[in-house]
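What follows is a short report on a single structure.
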Amino acid sequence: AQSVAQPEDQVKVAEGNPLTVKCTYSVSGNPYLFWYVQYPNRGLQFLLKYITGDNLVKGSYGFEAEFNKSQTSFHLKKPSALVSDSALYFCAVRVKIYGGSQGNLIFGKGTKLSVKP
Amino acid sequence: DTEVTQTPKHLVMGMTNKKSLKCEQHMGHRAMYWYKQKAKKPPELMFVYSYEKLSINESVPSRFSPECPNSSLLNLHLHALQPEDSALYLCASSHPGLAGEGEKDTQYFGPGTRLTVL
């Protein structure tokens, strides 16, 4: 079965420190991996994705993620956290379903990031 | 422009009411989605439209009725809802992708409609 795991319910970091939000996946075939961020009472904003190519993917707002095939991981990172980064972060894998051309997003449970001043 | 708009932002309805949620995008996307999200949980897929045709219905109760009148609009008609249907309803869209490669395309989400069923 296709699945995504975010092992941490919450991550707390101090402003200016590096942050990491962890994600591991289990899929058959090539993994197409995404990170989204959700601020309170808002929709999901796309941050970055890995489809193929360079294992280090750079995205919006200074975030990046490293794809590691051997560890089946896709951790989200930022060198220097901001208080405004505080939000709920979702890792997702997109899989083709029902033999069609569309792909469904399977989300992890989410990780709440808190950045303290 | 990667904007998906949703109206209304908030909706309160009784269990006997009929209401509709609206979603609009002008990115030329031909795949549109409805998700339901409960508090502090990930979104759950409800419906997928591809080229204005319903392609996926994730066993959603018939009190939810989707409609895709054209390539830019997606509606969700609500009737006789239950209090447990209270949630954030998210719309998303994406390019349909090349044949067999739709899963590579990014889904862009709207801000959602916060629904409360009394």
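The values are calculated or read from the model by the stated rules, or taken from the named source; none is laboratory data. All values reported here derive from a predicted model rather than from experimental measurement. Counting neighbours? That spans all protein chains shown, and the Cβs are built from the backbone with ideal geometry, glycine included. Ligands, DNA and RNA are excluded from the accessible area calculation, which covers all protein heavy atoms including side chains. Shrake-Rupley method; radii C 1.70, N 1.55, O 1.52, S 1.80 Å.
General remarks:
- One residue stands out among those in region B:1-53 that are over 20 Å from residue A:89 (Cα atoms), assigned to a strand (DSSP E or B) and among the β-branched types (Val, Ile, Thr): the one that is most open to solvent (accessible area, probe 1.4 Å), which is B:12.
Residues checked against (1) closer than 20 Å to residue B:115 by Cβ; (2) of a type outside the set (A, V, I, L, M); (3) modelled with pLDDT under 95:
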| residue | (1), (2), (3) |
| --- | --- |
| B:29 | no, yes, yes |
| B:41 | yes, yes, yes |
| B:45 | yes, no, yes |
| B:51 | no, yes, yes |
| B:54 | no, no, yes |
| B:57 | yes, yes, yes |
| B:76 | yes, no, no |
| B:88 | yes, no, no |
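- Of residues in region B:102-115 being within 7 Å of chain A (Cβ to nearest Cβ) and in a loop (DSSP other than H, G, I, E, B), the one modelled with the lowest pLDDT: B:106
- Region A:49-89: number of residues that are surrounded by 14 or more Cβ atoms within 10 Å (Cβ to Cβ) and either among the β-branched types (Val, Ile, Thr) or touching a helix residue (DSSP H, G or I) at 6+ places or on another chain (Cβ under 6 Å) (or both): 4
- At least 2 residues being more than 13 Å from every other protein chain (Cβ to nearest Cβ) and at pLDDT 95 or above is the threshold, and among the strands (runs of 3 or more DSSP E) wholly inside region A:67-117 those reaching it are A:73-78, A:111-116.
- Any hit, region A:95-111, residues being touching a residue at least 60 places away in the same chain (Cβ under 8 Å), open to solvent by less than 40 Å² (accessible area, probe 1.4 Å) and in contact with a Gly (Cβ under 7 Å, 6 or more places away or on another chain): yes
- Residue within region A:8-24 that is open to solvent by 20 Å² or more (accessible area, probe 1.4 Å), within 14 Å of chain B (Cβ to nearest Cβ), modelled with pLDDT of 95 or more and not in a loop (DSSP other than H, G, I, E, B) present: yes
- Test: residue in region A:32-48 that is surrounded by 17 or more Cβ atoms within 10 Å (Cβ to Cβ), basic (Lys, Arg) and within 11 Å of another protein chain (Cβ to nearest Cβ): no
- Meets criteria (touching a strand residue (DSSP E or B) at 6+ places or on another chain (Cβ under 8 Å), of a type outside the set (A, V, I, L, M) and without any contact (Cβ under 8 Å) to a residue 24 or more places away in the chain) for residue A:22: no
- Qualifying positions in region B:14-57 - within 14 Å of the chain's Cα centre (by Cα), at the interface with chain A (Cβ under 9 Å from one of its Cβ atoms) and not hydroxyl-bearing (Ser, Thr, Tyr): B:31, B:37, B:43, B:44, B:45, B:48, B:56
- Among the residues making up region A:26-65, those that are under 30 Å from residue B:116 (Cβ atoms) and assigned to a strand (DSSP E or B) are A:34, A:35, A:36, A:37, A:38, A:44, A:45, A:46, A:47.
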